[in-house]
Amino acid sequence: MKTLLVISALGLLAAAPLPKKGEPAITALTQTSGGIRPAEQLALRFDSADLTFEVLPDTETLNGVAALGFTAKSPVARLLIDLDKNLPVTAIAIDGVALAPGAWSNPDGRLIVRLPRIIPAGGKVRATITYGGTPHVAVRAPWDDGMVWSKTPDGRTWFATTAEGYGCDLFWPCLDFPTGEPGVVDLHIIVPKGLKAPSNGTLIGVDTLADGRTRWNWRTHNPNTYAIALNVGPYEEISGSYQSRFGNRIPMFYWYLPGEKAKAEKLFAEFTPTLDFFEAKVGPYPFGDEKLGVVETPHKGMEHQTINAYGNDYAKAIEGFDWLFQHEFSHEWFANQLTAANWDDYWLHEGYGSYMQPAYGEWREGRARYDAMMQSQRGTIMNLKPIVQGRVTTEEEVYETDKGGAGQDIYVKGSWMLHTLRNLIGDDAFWKVTTLAVYGRPDPRPGNFRPRFGSSAEYERFVQQVTGKDYRWFFDVYLRQAALPELVERRSGDTLTLSWSVPGGGRFPMPVEVSVGGRTQRLPMTDGRGTIALPAHAHYVVDPNAKILRRSVAVEEMQAWRAAQAAKKSAP
Ligand SMILES: [Zn+2]
């Protein structure tokens, strides 16, 4: 505490101009999240993090003290910890003993700490790191990351952070890759008088400091590395609780800006039926012993574990629910409970995260709503790159198509792949696979599961386990090829012949329905081909219920036309 106050006094002396959006510049390493890790990081098990954040909105600076607990999986002589070098380290103590200032350096965004002794395999080490400076300011969060400094409509301080793309190292010393989750995190967030700091997990208490500021103390377990978030404003709060079908009672909170009570109450009223949907279709809310939390933010939204960011301005839509809230909330299951161990498998987060809005539309209103919502996603599938590359990737190598990533296809093509899989293996098998993937067991109930890491390969094994069949041919095409399968139709005499043409040329025994004269038949397509009798002049429709993700010339032509229109508009 003492160190912290000294630094903040220094911070006040420096009358530096406020950083602009995108400032201060960050290194390539800080901008990167995930990817191949140094052996010294992989040698660490991250047991605990005790994080104090002193946020100073007037100077847009941050002071922090992070006490990190690790267990060495193999002998460790140095700690390599990711931290933006815009937040210089002023002191480090190892197991309570201060290091000499020459014992650490941070040349490019990865703190290198020379330990006074080698930590043997199985040994523990606690590093207490005091740091502070000007954290990077986001340009357009959550599409890029950093601090989002803002004001409420009545001019009061309001800000938040996002870190999904660039990673936790923007704000605190961490292991910036998906499996770098600490076992337990204690947060102590010091904010100006009159502001609140809702955050991850359970509220332990709020302390009032001598100068009138408040310190908000929270504890959370197994948070995603990018889930730790600061959300600070003059919030008002709605709370309630949900009686789960699994027997537990789940506390629910929404923190919103003053003056929005009626709109906030309507959004809060969506929490219970949405929770009921996920618990019925997937399984228990994974963080029932902490809370369901949502906070209004000056950016669009993010799946911060137990404190989902909401910035959708209470938008109204034909489906009758707030898609942004529903999408971020779905990530409590598909991102925070089931976490992809490698960015390469992030379709598990975003494909499922996007499929859950049509699935909820179906739960509420039936098949027509589901179909309409699926169709609105269909037109945005680009098929530029395979969803999965089969290697350890960074976040940017997945989200950015010019870096080899599938970009938005991990959302919409992932969603359509799940739609196709569900039609192929049936509702019962599909939801069983989903539950297995999320909890690692078929019978989750509160207390018998923990957040877990998964992968595409594991998901394919779960499909095989539930169905008793090998669907490698399915995932080879939809996950590991960019182009879609094409159904070639040939009408000759009184016969219609259908054949699958798939990228990679493998087998593709995807059954196809055909409606002839209003009667629907199912062709097994066992060897990738099928024929059906077709009387002269008879009208037919292939795949009349749009059960299969396949090439559509109409979608391609529409996308090409839209791209040409956009180019025309942007031409001088
Ligand atoms: Zn998402």
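Does LEU18 satisfy the condition of being closer than 23 Å to ASN217 by Cβ, part of a loop (DSSP other than H, G, I, E, B) and either in contact with a Cys (Cβ under 7 Å, 6 or more places away or on another chain) or aliphatic (A, V, I, L, M) (or both)? Here the answer is no, as LEU18 does not meet what is asked. Between PRO524, PRO444, PRO485, the distinction of being out of contact with any Leu (no Cβ under 6 Å at 6 or more places or on another chain) and within 15 Å of ARG551 (Cα to Cα) belongs to PRO485 only. Entry remark, the range 53-80: residues being surrounded by 21 or more Cβ atoms within 10 Å (Cβ to Cβ) and under 30 Å from TRP158 (Cα atoms) number 10 in total. Scanning the range 269-310 for residues that are of a type in the set (A, V, I, L, M) and crowded, with 20+ Cβ neighbours inside 10 Å returns LEU275, VAL282, LEU292, VAL294, VAL295, MET302, ILE307, ALA309. Taking each residue of the range 344-355 that is within 17 Å of GLY34 (Cα to Cα) and looking for partners that are among the acidic types (Asp, Glu) and more than 7 Å from the ligand (Cβ to nearest atom) with beta-carbon atoms closer than 9 Å, six or more apart or interchain, yields ASP344/GLU397; ASP345/GLU458; TYR346/GLU395; TRP347/ASP409.
Counting only strands (runs of 3 or more DSSP E) wholly contained in the range 73-144, the ones carrying 3 or more residues that are over 30 Å from the mean Cα position of the chain (by Cα) and hydrophobic (A, V, I, L, M, F, W, C) occupy 89-94, 110-119.
All of TRP149, TRP158 fail the test of being of a type in the set (Phe, Trp, Tyr) and surrounded by fewer than 21 Cβ atoms within 10 Å (Cβ to Cβ), apart from TRP149. When residues in the range 329-353 are screened for being within 17 Å of PHE271 (Cβ to Cβ), assigned to a helix (DSSP H, G or I) and more than 9 Å from the ligand (Cβ to nearest atom), 1 of them pass.
Working carefully through the options LYS20, LYS73, find the one that is charged (D, E, K, R), within 16 Å of PRO120 (Cα to Cα) and either modelled with pLDDT of 95 or more or out of contact with any Leu (no Cβ under 6 Å at 6 or more places or on another chain) (or both). I'd like the intermediate steps shown before the answer.
Working: LYS20 fails: within 16 Å of PRO120 (Cα to Cα).
On inspection, the qualifying residue turns out to be LYS73.
Evaluated against (1) away from the ligand (no atom under 16 Å from the Cβ); (2) of a type in the set (A, V, I, L, M, F, W, C); (3) closer than 19 Å to SER241 by Cα; (4) touching a residue at least 60 places away in the same chain (Cβ under 8 Å), LEU292 falls short on exactly one condition, (4).
What are the residues in the range 421-446 that are in contact (Cβ under 8 Å) with a residue 40 or more places away in the chain and over 16 Å from VAL388 (Cβ atoms), if any? Steps first, answer last, please.
From the range 421-446, those in contact (Cβ under 8 Å) with a residue 40 or more places away in the chain are 421, 423-425, 431, 434-435, 437-439, 444-446; that's our starting set.
Selection gives ASN423, LEU424, ILE425, TRP431, THR434, THR435, VAL438, TYR439, PRO444, ARG445, PRO446.
ASP313 meets all of the listed conditions (1) without any contact (Cβ under 8 Å) to a residue 60 or more places away in the chain; (2) surrounded by fewer than 22 Cβ atoms within 10 Å (Cβ to Cβ); (3) closer than 24 Å to THR220 by Cβ but one, namely (3).
Right, LYS413: within 16 Å of the ligand (Cβ to nearest atom), at pLDDT 95 or above, part of a helix (DSSP H, G or I) and basic (Lys, Arg) or not? Talk me through it step by step, then tell me what you get.
Numbers: within 16 Å of the ligand (Cβ to nearest atom): yes; at pLDDT 95 or above: yes; part of a helix (DSSP H, G or I): yes; basic (Lys, Arg): yes.
It is true that LYS413 is within 16 Å of the ligand (Cβ to nearest atom), at pLDDT 95 or above, part of a helix (DSSP H, G or I) and basic (Lys, Arg).
Against the condition within 13 Å of the ligand (Cβ to nearest atom) and either farther than 27 Å from ALA372 by Cβ or modelled with pLDDT of 95 or more (or both), how does GLY283 come out, does it pass? No.
For the range 392-450, the set of residues classified as aromatic (Phe, Trp, Tyr), buried (at least 18 other Cβ atoms within 10 Å of the Cβ) and farther than 26 Å from PHE177 by Cβ consists of TRP416, PHE430, listed by residue number. Count of the range 454-493 residues, restricted to those that are closer than 19 Å to THR339 by Cβ and either surrounded by 16 or more Cβ atoms within 10 Å (Cβ to Cβ) or in contact with a helix residue (DSSP H, G or I) (Cβ under 7 Å, 6 or more places away or on another chain) (or both), is 8. Scanning the range 40-57 for residues that are part of a loop (DSSP other than H, G, I, E, B) and in contact (Cβ under 8 Å) with a residue 40 or more places away in the chain returns a single hit, PRO57. Only one of the numbered conditions (1) assigned to a helix (DSSP H, G or I); (2) touching a residue at least 40 places away in the same chain (Cβ under 8 Å); (3) surrounded by fewer than 24 Cβ atoms within 10 Å (Cβ to Cβ); (4) away from the ligand (no atom under 11 Å from the Cβ) is not met by GLN326, and that is (4).
Just one of the numbered conditions (1) within 30 Å of GLY212 (Cα to Cα); (2) surrounded by 14 or more Cβ atoms within 10 Å (Cβ to Cβ) is not true of LYS20: (2). Take the conditions (1) at positive phi; (2) away from the ligand (no atom under 16 Å from the Cβ); ARG391 misses just one of them, which is (1).
In the range 359-369, what residues are surrounded by fewer than 24 Cβ atoms within 10 Å (Cβ to Cβ) and assigned to a helix (DSSP H, G or I)?
Going residue by residue through the range 359-369, those that are surrounded by fewer than 24 Cβ atoms within 10 Å (Cβ to Cβ) are 362-369.
Correct list: GLU362, TRP363, ARG364, GLU365, ARG367, ALA368, ARG369.
Set side by side, the residues ARG472, ARG461, ARG522, ARG507 differ, and just one is touching a residue at least 24 places away in the same chain (Cβ under 8 Å) and basic (Lys, Arg), which is ARG507.
Kindly provide the set of residues from the range 21-39 that are closer than 17 Å to VAL392 by Cα and touching a residue at least 40 places away in the same chain (Cβ under 8 Å), ordered by number.
Our first condition is that a residue be closer than 17 Å to VAL392 by Cα; within the range 21-39, this holds for 29, 31-39.
Those that are closer than 17 Å to VAL392 by Cα and touching a residue at least 40 places away in the same chain (Cβ under 8 Å): LEU29, GLN31, THR32, SER33, GLY34, GLY35, ILE36, ARG37, PRO38.
The values are calculated or read from the model by the stated rules, or taken from the named source; none is laboratory data. All of these numbers come straight from a predicted model, not from anything done at the bench. Don't worry about glycine lacking a Cβ; one is built from the backbone with ideal geometry, like all the others, and counts go over all protein chains shown.
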